[in-house]
Every structure is written in C-alpha cells, then in structure tokens.
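First comes the structure, then the notes that go with it.
We did not get these values from a lab; they are worked out from the coordinates using the rules stated. Treat the numbers as computed from the prediction; the structure is a model and nothing was measured. Cβ coordinates were reconstructed from backbone atoms using ideal geometry, including for glycine residues, and neighbour counts include every protein chain displayed.
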Amino acid sequence: MSKILILGGGNCQLSAVKLAKRLGHTVVLADYYECPPAAAYADLHRRVSTFDIPGCIALARREQVDGVMTIGTDQPVYTAAAVAKACSLPSPIDAETALAVTNKRVMKQILTDHHIPTVRWKLFDEDIGERELSELCPPLVIKPLDSQGQRGVYKMDSPAEILCALPQTLSFSRERQALVEEYYPSDEVTLSGWIQNGRLYILALTDRQCHPDPVHIGVCAAHRFPSVHMDRYPEIREMSEHIVHAFQIPEGPLYIQFLIGAQGVLVNELACRIGGAFEDVFIPYLSGFDILHAALCRALGLPVDCSVLEGYDPQSCSRQVSVQLLFCRSGQIASITPLSELLMLPFVLSAGYNYQEGEAIPPLENATARFGHCVLASEDGRMPEHIAELYRTLQVLDPHGQNLVLKRDIF
C-alpha cells in the first residue's frame, strides 16, 4: 500500500481520508487547525497550512509520501501540484495549470485570450485609483485573486465603494491587487466533470443557489440537480471542452461555474478539483462513477477506469439531488439535533456538522459560517417533501430555545 499526503482536514476532505484508509493507505494530513475533523482518521496530522507550499513540501519529503491530493477547496490545488513537482510525485495537472485555475489574474487572462465569454474585468489596487474602473459599468464586484469560500467578495454600487472595500478584500489575499468585475444578474450553474486523456466526461450540471445578500454575494446555500438550465447543455458542453483545451488540462476532476443571464452563458471561474458541495457523494449516485476514488488513484499514479461513463448522460438521468449547505443565524448553540437523526432519514445520502454545542455561530458573511451539510436524493420526484422534512427534523437551539436554522426549503 501507499502513503498519501492529503491537504486539508475539514468536512470536505473527510471522505478522502476515510477512503484512503479503507483502501489500506497510510494518510498524512496537513491542516493548520489543532483538531480538524479528519485528524481522527489520519495516521499522522501535522499543523501545516495548506497555503504553506515550502512547509508542505518539507512534510512530503520527511514522510516520503507516494502522492498528494486535496478536494473541495481551491487554493491547495496549487499547493498539491507544487508539492508533486518538487517531490517528483504523480499529478493530474502541472504547477503551471494549477496556478492558472487558482489565481484569478491568470485565469481571467486565459479566458480572455481564448475568447471564452466572461464578465468584463480589471485588476485593481490603491495605486491605480478608482478612475481606472470607469470602463466598467456598476454595480461592481471585488474579489481576491487567490482566496476561497467567498472571503473578501463584495458587491458595490460605485468605484469609490470598491476603493473603500479594497483593504478588506486584500486582507484575504497574498496579492497586492484585487479583481474587479461588472456584476452580472444571472443564475449560477456548476459543471462537474472528469477528464481522461484530454477527453471531458460531464458528470453533473447543478444550479448553485445562493443566499440573497446584497453585499456578501456568492455564498452558496444549496445545489440542485437537475439544473433548470439543462436546455443549455450543448452550449455548456462546447464551452467546457474549449476550457479544457485553453487551460491544457489533461486529466483529473474539473469544476466550472457558469453564469446564465440576459447576455447568455458566461464563465465565472473554474477549478481542477472535486467541488466543495459534496460532489464526491452525489456524483456516484447519479453516474455510478466514483470520482473520489478516481482522484485518489490519479494522485498515486494508478490507472482510472472510466468505462461506466461511456453510457452515461446527465441529460437523461431521472434522479434528483439537493445538497443543502446548512446555515444559521448568529448565536450561541445550546443544543443540536443529533446527527444520527438526520442520517436515519431514508432519503439522506450524507450529513455533517461544522459546529458543536457550546460554540458560537458567526454572522453569515462567507462560506466559513456554514453550520453543516446534508445531501438528499430522490428517485420519485418528491424532493420538495424531503427538504421540508429535513428542516422539520433539524433544530439548532440557542439558550432561549430559539431555532437558529435558516431554512431554504425550495427545490
């Protein structure tokens, strides 16, 4: 068996650690938190930040690992590729491609150079000044170039407000510049795929349903399959294949966020990873393809069998999935419905909590405030009923007995 370094020990990476252990591999975990959830299952946990490339390289060399991987998180994709390059380990993408899909400066330039439609954008810093943003039509969105989880992402009504927001955005970045885009009123649709020898297999097209916050935009509350925009599937497939070619992605997972509105289908961003909405749970349910096992094999240089995908078409899949990314109002937690009660519901594929009794839930400003998740499945069209039952079951009570759960029971 092999030894693998997994970057990140949160709930999004928990399944990867468990799978590696179940297959008999030794797991080395890098996560700067003292007790991340996955640490209980790993053979070794070291408090190394997944953003700390030299630290992760040193850990990989010291432990003589045979592979490195991450899932469900953006920036460690580049760290994994850099570790693989430094330690001569297998990797589905090289460090140059990994940089392109984790740094929005590089990403946006490649999209523009290859005429792949995206919202109008500019790089911005304090030296440039708000006058340079006059080419863009407000409202505007400011984003860090190299962060994740909607940290530092704000929608503003004017260049002056963007300038005021710049220091806060840069506090989530290692760069001196930020990305400013025109705000595009649109639905968000996410493609999950697998690339094998340059060929793209599309696994799912989901609606990314976000909290309706006028400033802290893009915080995902749920994913819905099938997407209501399945009629745009041929166009999305063609654009996705163009992206694979433009970014020179030979193998591995692919995750693309599209924006669909009055100007048509535009690309928001992309990543070479399994998504953070527990796609490793619902993609096997929909397609029969175990994308997590495939990613683990590829990280260890083992072959991946895609034969099950030859007859799979997400357009004709009759199953429904709803990933409820659970959020609460801010407050102190006095009691929580036992997780076992959610897992006993016959339509629940997976569930988990990020907070415990006695802890405080922060205000909802980005994805780090997520209370937990629940993946629901249906084969009989009863998903709205299942979601309603989930929220009848789930209670997160404050010391006054008030339920803090923010319900999103629309499918």
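Phi angles across the range 132-137 convert, under the Karplus curve 6.51 cos²θ - 1.76 cosθ + 1.60 with θ = phi - 60°, into 3J(HN,Hα) values of 5, 8, 5, 6, 9, 9 Hz, Gly and Pro given as x.
Assuming charge only on the beta carbon of Lys and Arg (+1) and of Asp and Glu (-1), the dipole of the range 75-177 about its Cα centre is about 280 debye to the nearest 20. Once both labels are positioned 7 Å from their Cα atoms along Cα-to-Cβ, the gap between Glu241 and Ser171 label points is 4.7 nm.
Here's how it looks for Leu364: its modeled amide H is under 5 Å from those of Ser330, which are all 5 or more places away or on a different chain.
Our coupling estimate for the range 362-378, obtained by passing each phi through the Karplus curve with A = 6.51, B = -1.76, C = 1.60 and θ = phi - 60°, is x, x, 7, 10, 7, 5, 5, 7, 4, 6, x, 8, 8, 9, 10, 9, 8 Hz, Gly and Pro reported as x. Close amide H pairs (under 5 Å, H built 1.01 Å from N) link Ser173 with no residue at least 5 positions away or on another chain.
Does the range 104-216 come out rounded, prolate or oblate by the C-alpha gyration tensor, with a ≥ b ≥ c the root eigenvalues, rounded set by a/c under 1.5 and, if not, prolate when a/b is larger than b/c and oblate if not? Each step should come with its number before you reach the end.
On the way: a/c = 1.92, a/b = 1.62, b/c = 1.18.
Cα axes put the range 104-216 in the prolate bin.
Each of Ile410, His211, Gln196 was placed along the dipole of the chain (beta-carbon charges, centred on the mean Cα), and the one lying farthest toward the positive end is Gln196.
When +1 charges are put on Lys and Arg Cβ atoms and -1 charges on Asp and Glu Cβ atoms, the dipole computed for the range 1-133 relative to its Cα centre reaches about 460 debye. If you plug the beta carbon distance of Leu406 and Asp313 into 1/(1 + (r/R0)^6) with R0 = 30 Å, you get a FRET efficiency near 0.30.
Gain in length, Tyr183 to Arg382, computed as 0.36 nm per residue apart minus the alpha-carbon separation, to one decimal in nm?
Details: separation 199, 0.36 × 199 = 71.64 nm, distance 3.48 nm.
Stretched out fully, the Tyr183 to Arg382 stretch lengthens by 68.2 nm.
The share of Cα pairs per 5 Å bin across the range 288-409, counted from zero up to the longest distance, runs 2, 10, 17, 17, 15, 13, 11, 8, 5, 2, 1 percent. Other residues with beta-carbon under 10 Å from the beta-carbon of Val141 carry, at +1 per Lys or Arg and -1 per Asp or Glu, a net charge of 0.
Determine the distance separating the Cα centre of the range 48-101 from the Cα centre of the range 307-343; give it in Å without decimals. Using only Cα atoms, the two centres lie 29 Å from each other.
With 23 Å as the limit, write out which pairs from Lys3/Lys85; Lys21/Lys104; Lys143/Lys407; Lys108/Lys407; Lys122/Lys155 have Cα-Cα distances beyond it, or answer none. Correct reply: Lys21/Lys104; Lys143/Lys407; Lys108/Lys407.
What full-extension length gain, to one decimal in nm, is calculated for Leu343 and Arg392 as 0.36 nm per residue of separation minus the Cα-Cα distance?
On the way: separation 49, 0.36 × 49 = 17.64 nm, distance 1.40 nm.
Extending this stretch completely gives an extra 16.2 nm.
Our summary of shape: the Cα atoms of the range 1-158 have principal axis extents of 57, 30, 27 Å, ordered from largest down, in whole angstrom.
Just subtract the alpha-carbon distance of Ser158 and Ser330 from 0.36 nm times their residue separation and send over the number in nm, one decimal.
Values: separation 172, 0.36 × 172 = 61.92 nm, distance 2.92 nm.
Result for the pair: 59.0 nm of gain on full extension.
Using the Cα coordinates of the chain, the gyration tensor eigenvalues translate into equivalent-ellipsoid semi-axes of 29, 27, 24 Å, sorted from longest to shortest.
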